1. Compactness ratio of segment 115-264: Cα Rg over 2.2 N^0.38 Å, N = residue count?
2. What is the sum of charges, Lys and Arg at +1 and Asp and Glu at -1, for the other residues whose Cβ falls under 12 Å from the Cβ of Leu85?
3. How large is Rg over Rh for segment 117-169, taking Rg from the Cα atoms and Rh as the Kirkwood inverse mean of 1/r across Cα pairs?
4. Of the heavy-atom accessible surface of segment 154-248 (probe 1.4 angstrom), what whole percent is carbon and sulfur?
5. When you count, for each residue, the other Cβ atoms within 10 Å and take the mean per peptide, how do 52-65, 192-205 rank with the highest first?
6. Given Lys238/Lys264; Lys221/Lys264; Lys61/Lys95, which pairs have Cα atoms separated by over 20 Å?
7. Would you mind checking the pairs Lys158/Lys191; Lys155/Lys191; Lys49/Lys133; Lys133/Lys169; Lys178/Lys261 and listing those with alpha carbons more than 19 angstrom apart?
8. What number comes out for accessible area per residue over segment 142-231 if the probe is 1.4 Å? Units Å², please.
Amino acid sequence: MILLEYKPAANHYIWYLRTRSETAKLLDLLCMLGRLEDGLILRYKRILKSTNQERMKTQLKHFYSTECSNTDDDFGKLVTSHLYLIDTHTELRLKNQELFLKVGNCSSVMKTLTHLSEHYYDQDSSSLTSPMKFRITHNLTETQYGWACLLSLTKVKKWPQIQSLLIKKRWGSLLQEKSILPPEAVSEVLKEGSAPIDLISIFVSLIENGENKLNTAIRLKCHRVVIDIFAAKKDKSKILTYKSKLEEKSKDAVYAENVLKNIK
């Protein structure tokens with residue numbers, strides 16, 4: 001009874017039981033104190049210690065049906081999300097056991113998404129191994145999904161898919177394109193991954209700050225973007241200076257020549 005009336009004593013006893021790993025007594029104490037959420041978390045952590053996926057799945061299902069149905073909705077979503085993660089891992093093992101083992105057990109949501117994006121990006125959205133279905137099920141943000149897919153798709157050099165995923169149309173006074181991720185950072189990733197210069201240039205051209213756009217274009221050798229920036233200012237001298245540094249009669253040098261002819 002004193003534990004109900006004297007909170008510091010209760011906290012000290014909780015700490016004592018935790019250090020001794022007396023889980024059963026700790027669960028009873030938390031229940032007695034009305035700390036139901038703490039009790040749920042403790043039970044959940046206890047289940048996660050299982051090294052057998054099927055046993056863990058069975059225990060999580062029982063835990064959800066008996067303990068989580070009348071609790072905070074977010075906690076119930078956490079458990080259902082974990083159950084879906086186990087199902088996804090099971091499906092991945094069935095598809096390619098050797099490949100799955102090479103990348104590890106994909107224990108986290110983001111690691112699993114990276115694996116799905118790299119090997120199953122074009123799967124139908126109804127498939128259990130579809131990255132898009134995985135994103136929706138785990139309520140991942142557009143940014144989280146975008147970065148995971150960008151890194152994975154760059155690794156396997158799926159350039160059209162990257163452009164389709166990251167470039168979105170937006171309506172204003174004029175139809176414009178926008179990257180769902182910071183275009184400067186995307187450009188650096190693509191350059192590191194040896195992406196085609198045309199694709200890198202698309203993202204460099206979407207950088208809003210003029211100075212950053214020019215500096216990035218020069219550093220990443222996006223020659224046409226540099227020429228277009230100078231052309232927008234009708235600065236023929238800078239185009240001529242830049243053209244002199246390009247390989248003679250190259251496509252970019254010819255592009256510069258044509259731009260110069262059209263500047264009045």
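1. Working it through for segment 115-264, the quotient is 1.23.
2. Within the 12 Å Cβ shell, the charges total 0.
3. Computed over Cα atoms, the ratio is 0.94.
4. Details: 2970 of 5790 Å².
Carbon and sulfur together cover 51 percent of it.
5. Details: 52-65: 14.4, 192-205: 18.6.
Descending mean neighbour count gives 192-205, 52-65.
6. Checking Cα-Cα distances, Lys221/Lys264; Lys61/Lys95 exceed 20 Å.
7. Lys49/Lys133; Lys133/Lys169; Lys178/Lys261
8. Value for segment 142-231: 53 Å² per residue.
The values are calculated or read from the model by the stated rules, or taken from the named source; none is laboratory data. Bear in mind the structure is a predicted one, so any value in this text is a computation, not a measurement. All Cβ positions, glycine included, derive from the backbone under ideal geometry; neighbour counts span all protein chains shown. Remember, those area values only see protein heavy atoms, side chains included, never the ligands or the DNA or RNA. Shrake-Rupley method; radii C 1.70, N 1.55, O 1.52, S 1.80 Å.
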